[in-house]
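The values are calculated or read from the model by the stated rules, or taken from the named source; none is laboratory data. These numbers were taken from a predicted model, which means no experiment stands behind them. Glycine also receives a Cβ, built like all others from the backbone with ideal geometry; neighbour counts cover every protein chain displayed. Only protein heavy atoms, including side chains, enter the accessible area calculation; ligands, DNA and RNA are left aside. Shrake-Rupley method; radii C 1.70, N 1.55, O 1.52, S 1.80 Å.
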Amino acid sequence: MYGTLFLLFWLAFVPVDAVKPYLFKKCSESGFCSRNRHFAEEIAKQGDEYQSRYSVDLESLKIDHDGGHLHATLLKMLNDGTFVPLDLHLTTLQDANLRVQVDEVHRSPPVTHVNPKRYNEAWKYALQSEPKAREFTHSVDSEKITLNYNDYVTEIQLHPFKITLLRNNQAQLVLNERNFFNLEHYRTREEQSRENSIHIAPEESTFDSYTDSFKDSRDDKLPFGPESVALDVSFLGAKAVYGIPEHADSLSLKDTSETEPYRLYNVDIFEYETQSKYPMYGSIPFMIGVGGESSAGVFWITGSDTNVDIKKSDSQVQTHWISESGILDIILITEDTPGQVLQSYGKLSGNSVLPNLFSLGYHQSRWNYNDEEDVLGVTAKFDESLIPFDAIWLDIEYTDDKKYFTWQKEAFPDPDRMMRKLDQTGRTLIVIIDPHLKVGYEISDTVIQKKIGILKSDGSDVYHGHSWPGESVWIDSMHPDAQLFWDEQFVNGSNLLGHSTNGHLWNDMNEPSVFNGPETSAPRDLIHYGDWEHRSVHNLWGLTYHEMTYESLIKRNPNLRPFILTRSFYAGSQRTSAMWTGDNSAKWEYLRESIPMVLTMNTVGFPFAGADLAGFFGNPDKDLQVRWYQTGLWYPFFRAHAHIDSRRHEPYVAGEPYTSYMRDAIKLRYKLLPLYYTLFQKNSVSGTPVVSPMAFEYPSDSEVLEMDNQFFVGPLLVKPVTSPDTDKVSIYIPDDKPYYDLQNYTVLQGKGYHDVDAPLDKIPVFIRGGSILITKERYRRSSKLMKNDPYTLYVAPSESAATGELYFDDGETFAYQDGEFVLTTFEFTGNKIVSTVKNSYDTSIIIEKIVVLSDKEVTKATVEQDGESWTAEIVPQDHSFVIRNPKPLVAKSWTITLH
Ligand code: NOJ
């Protein structure tokens, strides 16, 4: 055991060539996954001959129309013809379509220290509140129960059990169409292994029901034996499905008939491979199907290890969801477009937090900046090179011997002083705090003594394992007393961030990563608050950890929006944090992979996502580094980070012309901060993506459904260069509008593919005709220093018309919740530009320049605001003209007339 232990420990430190596949279970090595795939294969073999074991007992029907609830007993037939009763609960929802829950009615295992129920609390983390039900009417006949509500109809077929969701009379989703529904009911090992046991149907397998034969998990006690839940869901008419991060794969999910399923199990995966279905650091069990005129969403709310199989055909996409434990809790959404599905999802799970504005700027990190001098030196170098940045990061080495909440005294003698100095140029410090706590100092001592850590499988004591500090314990962030303890650390206690208001947090390793644990994580039979097994909460635990940090930071400073970066995540993480895609490599294929990964996060309501620039492991060559900055500037979360063994490669290190190219990329991001902030605000109220896949913008164009190397950021169409030695890219123009090159205003027009020049200094980006882009153009050292800078507008007409929108507020407090923000729209109609302010607060920011991308001859502009009018000069340019210094206040409506 110790041999394996230290081998794993050693592997954890040493960068290796590729993921170690033997560390992670394949479906065939995972009891519940293998059993359910077997079950599905056996049923598929029998085809129409198969007699399903599940039926709805009509006698048991209880209906509450007005409350929107239906309860019935779902009978599972055993081999002797007797039944196991299951509780079927349907809720017709206001903000979606339908919620379906199934639980065991009788479950009384003789296990004392573990909660005997199937885990039924995942929704408390995944959803922002209990979803509201809506009333329905119903009818019943001998074959089915039919529910009618608004445009929706749900049909519940009694035998075999099947649910069909129709919208506008069209069936969009079917549950259990293939009879793969399987809820492994509780039975003892003896009951199961008895000869001719009534509990095991011929189509079932018993593989690894009570033991785990995977070499690193043999100690798993599996106290309840087999307890999986699985279901097939068909997306009728869908041509592509998206979502279920986190995987380093294409945006459009692939057919898994001949491969591993997509696995959702939060793990610390070293040097992950690209184009793979391996599990990664986080999971969001939400999938959107797109095709033709409709779109549907499936939200599988389970905290346990989950596998998803996908089978595609011309007429539909069939999925098979398999989870190790927990109840069945699934929410179904049916709409016209993927954007509408995402909006419904946002109403359920919550939208993204409106970020502190600084966090949308550029972040500079590495493992590690060594001391105060290093931190301030890097900052000065950025200033000398005229490169803006907003935050500098400290990785684990800033602590005293990896004891979180301490500082390595010699290197950081006065953190308060360091933070004050950073503050002078508007910079922020972000420090890491991981959930593993080194044994032998007061923080871990208290966790052990108060029993607020994750507990051993017998519940007797706090579990010990290995991570960066060596032997460690893990705070159990599901425990209410853990929150109080964490609050003390941030508010009083060690007071890590001193007196600063420019200190924020990084929560890493919260899968949790356990170097000597099975699959690099916690043993599944560990115990959490509520006596729940780790098995059932594994995928959502990382969320509880960063949410705990968020709560503490709010208590520390109730009026400052906290920024927290988390590596592990679950549905709901978007409410309080940002994520990044973990330990990638400085290779072109990882640059390419970062785009579908970030886009996928945008399809599941968690847009605040990014990837390490320019690769965590290894040293990028200069071309790759430049191309990565030109790509990374579009990630909603824009951070450079590097492994401890990599060379320094801050953008100023490369030298000319590379440094200038990276500076240009970073400066473009700063110029676009008003756009990013406005998109985030939109996301925070309506769930729309920040970086939007082509398929979300043009869902009925089958050409774009698989496209994951170009995307929209608001009105900007972007096609990053992600291959070496390239000076041309082919970009797909999805409609007949003019697309204006952001650099030289030349126009691409005509639906279809166009070749555009893309030498190393060029970022292929186009403004969609019909839009107005709002920017800030003055160089400052950080976003905080840009606060009162004037705006510039780019009017890009299509048929002489264009519109745009701008949102801003103080960028850091919660005053916006009391109405302190500016929201204004702009409209161009050929000879007028009109700004209509929807909401306003007192600010003197003006518009200093308007660039109109038009060849039209204009000589004069008249500005009108507040009953006054004045003229502004017109300067003609190539393919455009500039209205110079029109100077209207942005917080009040105005009109500019062109003559
Ligand atoms: C793993 C993280 O993924 C990486 O970004 C970080 O540098 C190391 N942990 C050290 O904290």
Exercise. Being hydrophobic (A, V, I, L, M, F, W, C) and in a helix (DSSP H, G or I) is the filter; apply it to the stretch 351-386 and report the residue that is surrounded by the most Cβ atoms within 10 Å (Cβ to Cβ).
Key: Leu360
Practice problem: Might you check whether a residue that is away from the ligand (no atom under 14 Å from the Cβ) and more than 21 Å from Pro415 (Cα to Cα) occurs anywhere in the stretch 495-505? | Solution: no
Quiz item: So which residues in the stretch 638-690 are open to solvent by 10 Å² or more (accessible area, probe 1.4 Å), among the hydrophobic types (A, V, I, L, M, F, W, C) and within 16 Å of the ligand (Cβ to nearest atom), if there are any at all?
Solution: Ile644
Quiz item: Within the stretch 229-250, can one find any residue that is within 16 Å of the ligand (Cβ to nearest atom) and either of a type in the set (Asp, Glu) or more than 17 Å from the chain's Cα centre (by Cα) (or both)?
Solution: yes
Self-check item: Residue in the stretch 754-767 that is farther than 27 Å from Ala801 by Cα and either of a type in the set (Lys, Arg) or assigned to a strand (DSSP E or B) (or both) present
Solution: yes
Self-check item: the stretch 263-316 - residue that is of a type in the set (Ser, Thr, Tyr), out of contact with any Gly (no Cβ under 6 Å at 6 or more places or on another chain) and under 24 Å from Phe616 (Cα atoms) and, of those, nearest to the ligand (Cβ to nearest atom)
Solution: Tyr272
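In the stretch 506-530, what count of residues is obtained for those that are of a type outside the set (Gly, Ala, Ser), on the phi > 0 side of the Ramachandran plot and away from the ligand (no atom under 11 Å from the Cβ)?
Residues meeting the conditions: 2.
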Exercise. Please work out if Asn502 is open to solvent by 20 Å² or more (accessible area, probe 1.4 Å) and at pLDDT below 95.
Key: no
Quiz item: Considering the stretch 421-443 alone, what residues qualify as being closer than 15 Å to Glu397 by Cβ, touching an Asp or Glu at 6+ places or on another chain (Cβ under 8 Å) and in a loop (DSSP other than H, G, I, E, B)?
Solution: Asp434
Quiz prompt | Matching helices (runs of 4 or more DSSP H) fully within the stretch 656-707 where at least 1 residues are within 29 Å of Ser385 (Cα to Cα) and in contact (Cβ under 8 Å) with a residue 60 or more places away in the chain | solution = 658-671, 673-686
Practice problem: Select from the stretch 248-277 the residues that are modelled with pLDDT of 95 or more and of a type in the set (Val, Ile, Thr) and write down the one among them that is most open to solvent (accessible area, probe 1.4 Å). | Solution: Thr259
Quiz prompt | Members of the stretch 398-420 found to be assigned to a loop (DSSP other than H, G, I, E, B), in contact (Cβ under 8 Å) with a residue 60 or more places away in the chain and either farther than 17 Å from Phe490 by Cα or open to solvent by 60 Å² or more (accessible area, probe 1.4 Å) (or both), listed by number | solution = Asp401, Lys402
Practice problem: Output the residues belonging to the stretch 781-829 that are free of Cβ contacts under 8 Å to residues at least 60 places away in the same chain, among the small types (Gly, Ala, Ser) and surrounded by 20 or more Cβ atoms within 10 Å (Cβ to Cβ). | Solution: Ala802
Practice problem: Can you confirm whether the stretch 355-369 contains a residue that is basic (Lys, Arg) and within 16 Å of the ligand (Cβ to nearest atom)? | Solution: yes
Quiz item: Does at least one position in the stretch 152-166 carry a residue that is at pLDDT 95 or above, open to solvent by 60 Å² or more (accessible area, probe 1.4 Å), under 26 Å from Ile331 (Cα atoms) and assigned to a loop (DSSP other than H, G, I, E, B)?
Solution: yes
Quiz item: Of the residues in the stretch 421-461, how many are more than 16 Å from the ligand (Cβ to nearest atom), farther than 16 Å from Asp476 by Cβ and among the charged types (D, E, K, R)?
Solution: 4
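Taking the conditions exactly as written (among the charged types (D, E, K, R), in contact with a Leu (Cβ under 7 Å, 6 or more places away or on another chain) and over 24 Å from Gln172 (Cα atoms)), does Lys76 satisfy them or not?
yes
Of all residues being among the β-branched types (Val, Ile, Thr) and part of a helix (DSSP H, G or I) in the stretch 561-610, which is farthest from the ligand (Cβ to nearest atom)? Just the residue, please.
Thr603
Results for (1) open to solvent by 10 Å² or more (accessible area, probe 1.4 Å); (2) hydrophobic (A, V, I, L, M, F, W, C); (3) assigned by TED's automatic domain parsing to the domain that holds Val704, shown as yes or no for each residue.
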{"position": "Gly291", "(1), (2), (3)": "no, no, no"}
{"position": "Ser294", "(1), (2), (3)": "yes, no, no"}
{"position": "Trp300", "(1), (2), (3)": "no, yes, no"}
{"position": "Ile310", "(1), (2), (3)": "no, yes, no"}
{"position": "His320", "(1), (2), (3)": "no, no, no"}
{"position": "Leu328", "(1), (2), (3)": "no, yes, no"}
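Which residue, of Asn179, Asn148, is over 16 Å from Phe39 (Cα atoms) and open to solvent by 10 Å² or more (accessible area, probe 1.4 Å)? Spell out how you get there, then give the answer.
Working: Asn179 fails: over 16 Å from Phe39 (Cα atoms).
Checking each option against the conditions leaves just Asn148.
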Quiz item: Which of the residues that make up the stretch 100-114 are within 30 Å of the chain's Cα centre (by Cα) and open to solvent by 10 Å² or more (accessible area, probe 1.4 Å)?
Solution: Gln101, Asp103
Quiz item: Say we look at the stretch 737-771 and pick out the residues that are open to solvent by 10 Å² or more (accessible area, probe 1.4 Å) and among the hydrophobic types (A, V, I, L, M, F, W, C); which of these is nearest to Leu675 (Cα to Cα)?
Solution: Leu742
